[in-house]
1. Quick check on segment 194-262: take the gyration tensor over C-alpha atoms, sort the square-rooted eigenvalues as a ≥ b ≥ c, and tell me if it's rounded (a/c under 1.5), prolate or oblate.
2. What ³J(HN,Hα) values, in whole Hz, does the Karplus curve 6.51 cos²θ - 1.76 cosθ + 1.60 give for segment 293-298 when θ = phi - 60°, with x put for Gly and Pro?
3. Between GLU419 and LEU131, take the C-beta separation as r, use R0 = 51 Å, and let me know the FRET efficiency to the nearest 0.05.
4. If r is the Cβ-Cβ distance from SER174 to MET241 and R0 is 45 Å, what FRET efficiency results, to the nearest 0.05?
5. Assuming 0.36 nm per residue, please report the length gained on full extension of the stretch GLN224 to ASP352 beyond their Cα-Cα distance.
6. Identify, among VAL458, PHE428, SER492, the residue whose Cα sits farthest towards the positive end of the charge dipole of segment 364-512, taking +1 on the Cβ of Lys and Arg and -1 on the Cβ of Asp and Glu, with the dipole about the Cα centre.
7. Please list, in order along segment 93-110, the HN-Hα scalar couplings obtained from phi with the Karplus expression 6.51 cos²θ - 1.76 cosθ + 1.60 (θ = phi - 60°), rounded to whole Hz, x for Gly and Pro.
8. What trypsin sites (Lys or Arg not before Pro) in segment 370-403 are in a loop by DSSP, with at most 13 other Cβ atoms within 10 Å of the Cβ?
Amino acid sequence: MHPFQCVLRARRCLRRGPLASVSWLLLRTCRAHSSVPSFACPSPQRQQEDGVWKDFSSRLATGPTFQDFLRSASVPPEQPSSSEVEDPPPYLTVDELLGRQRRVYLETYGCQMNVNDTEIAWSILQKSGYLRTSNLQEADVILLVTCSIREKAEQTIWNRLHQLKSLKSKRLRSRVPLRIGILGCMAERLKEEILNREKMVDILAGPDAYRDLPRLLAVAESGQQAANVLLSLDETYADVMPVQTSPSATSAFVSIMRGCDNMCSYCIVPFTRGRERSRPVASILEEVRKLSEQVLQLIRERDNICKQIHLPAQSGSSRVLEAMRRGYSREAYVELIHHIRESIPGVSLSSDFIAGFCGETEEDHLQTVSLLREVQYNIGFLFAYSMRQKTRAYHRLKDDIPEEVKLRRLEELITVFREEATKANKSFVGCTQLVLVEGPSKRSAADLCGRNDGNLKVIFADVEMEDATDSGLRVRAQPGDYVLVKITSASSQTLKGHVLCKTTLKDSTAYC
């Protein structure tokens, strides 16, 4: 069979069956050889008969567990991408693929996927030696990550290109030429129209071609327009760790798939982003782990973030946790606790516990007691188990723990929690704590209530105090104020002390 015919047959197969990865391997084989035997595409019915589609419960059983999110959990190594193992094309040298500290300015338009694409593109360029700039005037490369979901979105890019045309024409001859690139969905949809209509555009890169950006920019350096808008059946950028492009970002997206197979009658996405494919679980977990580490680092470093983390345990028994379908063991939970305390010294921990869950033995209960003693939580929420209709436990398990046993176990848990919380909270006695005032105490109109850095309740007298921000002024604390309170006593629920002065978050010098 002629290679071109083989490719056509492979493409028809991709449309008919969901075994895209197999068909793609065959398609690649067709491209690599001058003649390849013909092959037949499996029908959807045959695929189902062969057990290709697995039920949800079996896939869930083999999915990630809580252990996968721990720092020490091993991650299967990702295979290096072809762009990393292949030599540069014969018309370029390795040195020409390097950014040589040219400055890149990135603008993102459209959806969250485009935000993620921007982070991927920047990660690739950063590794190639490019620098990032937020100043359009000092940029050597301007890249627009575009959207094609509506005509208005594309018109926004056309207008932006007209604005950039003057910037490019006024570029000083003493500087390296300014290169402008269109990335993402609009590059994929319009292709030649962009290159022909706007001669100022130097490169085009579709959503699956970001690995090729260093080569495209190198080609553009010779004065040629360069484009790669090939869609892929397997590109997920699994081995590319996105780099957040906004230092002040308050959230982050983790992409778990690319493309779409739904083919809604009104939507362009399948044609601009290609067929649906999922990222490997290992790469998703690695990205989530790194984001989690960043969150812990921020909590440690930023004074305006409360140093308290809520980690519901529910039980100290791995057997009960499995029956609860919590997805982690006692050992994994304790390891996470140790990691958090290493990352954030002095962190306050809270948790939830259920006494008397279905099938809980006395030994299981004692393991929960020992977990309370081992972790020594500052705040706890403990309850006796109450069967709820429609839950899995209602349909699959038996509520076999007598009510009096549940209540007895709950009382024992509460007693142990209070003992250990009191020990933990007494470590604050003699310390000066920065407290955010919430308002009057519920138990005494003569007292005020607030929260310290660990979200612990602090009670102190509502009296006049010095205002450290205005020397000589004496004031009463108001809700929203920061005050310094020296702790004089502690219980399992609250800290008590006497107020020293009003201050600010910036000026406070709370210490033990």
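The values are calculated or read from the model by the stated rules, or taken from the named source; none is laboratory data. Predicted model only: the values in this text are computed from it and were never measured. All Cβ positions, glycine included, derive from the backbone under ideal geometry; neighbour counts span all protein chains shown. Please note that ligands, DNA and RNA were not included when accessible areas were found on the heavy atoms of the full protein model with its side chains. Shrake-Rupley method; radii C 1.70, N 1.55, O 1.52, S 1.80 Å.
1. Values: a/c = 2.11, a/b = 1.51, b/c = 1.40.
The shape class here is prolate.
2. 5, 5, 5, 4, 5, 5
3. It comes out at approximately 0.35.
4. On the way: r = 36 Å, r/R0 = 0.81.
Using R0 = 45 Å, I get an efficiency of 0.80.
5. 39.8 nm
6. About the Cα centre, the residue reaching furthest to the positive side is SER492.
7. Using θ = phi - 60°, the values come out as 9, 4, 5, 5, 7, 7, x, 6, 6, 5, 9, 10, 10, 10, 10, 10, 10, x Hz.
8. Listed in order of number, the matching sites are ARG388, LYS390, LYS398.
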